[in-house]
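Written below as structure tokens is the structure these notes are about.
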Amino acid sequence: MKKTALADISLLFVAFIWGSTFVIVQKAIQFLPPHFFNGTRFLLAALLLFIFMKKKSKFSINLLGAGMFLGVFLFLGYAFQTIGLLYTTSSKAGFITGLSVMIVPLFAIWILKDKPRSIVFLSAFIGALGLYFLTVGDMMSMNIGDLLVFFCAIAFALHIIFTSKFSSKHEAIPLTIVQLTTVSLLSFISSTMFEKTSFSYDALFNRDVIIALVITSIFATAIAFLIQTKFQQFTTAARVALIFAMEPVFAALTAFIVINERLSGNGLIGCLLIFIAMIVTELPDIKEIKGIKQKHGM
């Protein structure tokens, strides 16, 4: 029970870190290409964790395979999210990313063979309606950035599911290092292939870029993913996704406080519907309620 509570608090802290970094990442990628920024960020984080890794820790073939597999989904999530931030707002990106809280139970039915629950499909409908209000129904029409961030939500959902599968089988720090290194390599490769626009390496010394790299590499990457990999073994994938539902709330609050970014009325309705969908996902089905009543003789 204590481990579960500690896991919940730790994962909530991760959601706070991620949600509060949307704005600074959005500022940084105005100076550095998104893939190059991610490659640098994840490389610094991997090196930081490697320094603190125990000497007796080993990188087995199974661990390398699991870490690289998780790293691919992590790369796709951050690639879609960071590029999407070039075209959409921080608050909208935060809430669309939060759709992963519904996608996790849906994918768990298919991948982890969980029993289907009708409440999950209800929450998916509510979330889709909220997404409509947030994007198409908002003053700003739906753009490519919104779609890219939605793909990011799918990738993060898969990362959560497979982290639950692998986290209890391997040591946390080596598994996290392999994940982060994989993301870094794929990001640098993507930067070479797709980011043809020239940029000055002097941008690395830009104040906003330095702040973003320090905060994201240390807190939002090294520490955050180490916490997730370490503590997700003490809880379920669906519960982790529900805790991470707080990330868009922190993102919207940070965007409002730092850059006074506001959503329209339709946008706020969309955010509310998505947040309701996140909560509904974890409600018991009617069959489960009947079972509880019968158990207690009600």
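The values are calculated or read from the model by the stated rules, or taken from the named source; none is laboratory data. Just so we're clear, the structure is a prediction, and the values are computed from it rather than from any experiment. With ideal geometry, Cβ positions are generated from the backbone for all residues, glycine too; neighbour counts draw on all protein chains shown. Each accessible area value is taken on the protein alone, full model and side chains, heavy atoms only, with ligands, DNA and RNA left out. Shrake-Rupley method; radii C 1.70, N 1.55, O 1.52, S 1.80 Å.
When every Cα-Cα distance of the stretch 1-44 is counted in 10 angstrom steps from zero, the calculated P(r) takes the values 24, 36, 24, 14, 2 percent. Across LYS169, LYS113, LYS230, mean-square fluctuation computed from a Gaussian network of the chain (C-alpha pairs under 10 Å connected) peaks at LYS113.
Just to check, using Stokes-Einstein with a Kirkwood Rh over alpha carbon pairs, what's the diffusion coefficient of the stretch 46-179 at 20 °C and 1.002 mPa s in µm²/s? Before the final figure, lay out each step's value.
On the way: Rh = 16.4 Å.
For these conditions, the coefficient is 131 µm²/s.
Taking the 1.4 Å solvent-accessible surface of the chain as the whole, the part contributed by carbon and sulfur is 72%.
For a distance above 14 Å, tell me the whole-number percent of Cα pairs in the stretch 12-75 that qualify.
Details: 1484 of 2016 pairs.
In whole percent, the share of Cα-Cα pairs in the stretch 12-75 beyond 14 Å is 74.
For the chain, a Gaussian network of Cα nodes joined below 10 Å ranks THR89, THR235, THR163 by mean-square fluctuation, and the top entry is THR235.
Mind checking the alpha-carbon convex hull of the stretch 143-240 and giving the volume per residue in Å³? Write down the numbers at each step before the final one.
Values: hull volume 13.1 nm³, N = 98.
Once divided by residue count, the hull of the stretch 143-240 is 134 Å³.
Of the residues VAL14, VAL214, VAL23, the one that moves most in a GNM of the chain with alpha-carbon contacts below 10 Å is VAL214.
Step by step: find N for the stretch 169-223, compute 2.2 N^0.38 Å, then divide the Cα radius of gyration by it. What's the final number? It would help to have the intermediate numbers written out before the result.
On the way: Rg = 14.1 Å, N = 55, 2.2 N^0.38 = 10.1 Å.
Expressed relative to 2.2 N^0.38 Å, the Cα Rg reads 1.40.
Add +1 for every Lys or Arg and -1 for every Asp or Glu among the other residues with Cβ under 14 Å from the Cβ of GLY84, and state the total.
On the way: positive: LYS92; negative: ASP146.
Summing Lys/Arg as +1 and Asp/Glu as -1 gives 0.
Convex hull of alpha carbon positions in the stretch 66-124: directionally averaged projected area 5.0 nm².
Pairs from the table (LYS56/LYS113; LYS3/LYS115; LYS2/LYS169; LYS27/LYS169; LYS56/LYS115) lying more than 30 angstrom apart at Cα are LYS56/LYS113; LYS27/LYS169; LYS56/LYS115.
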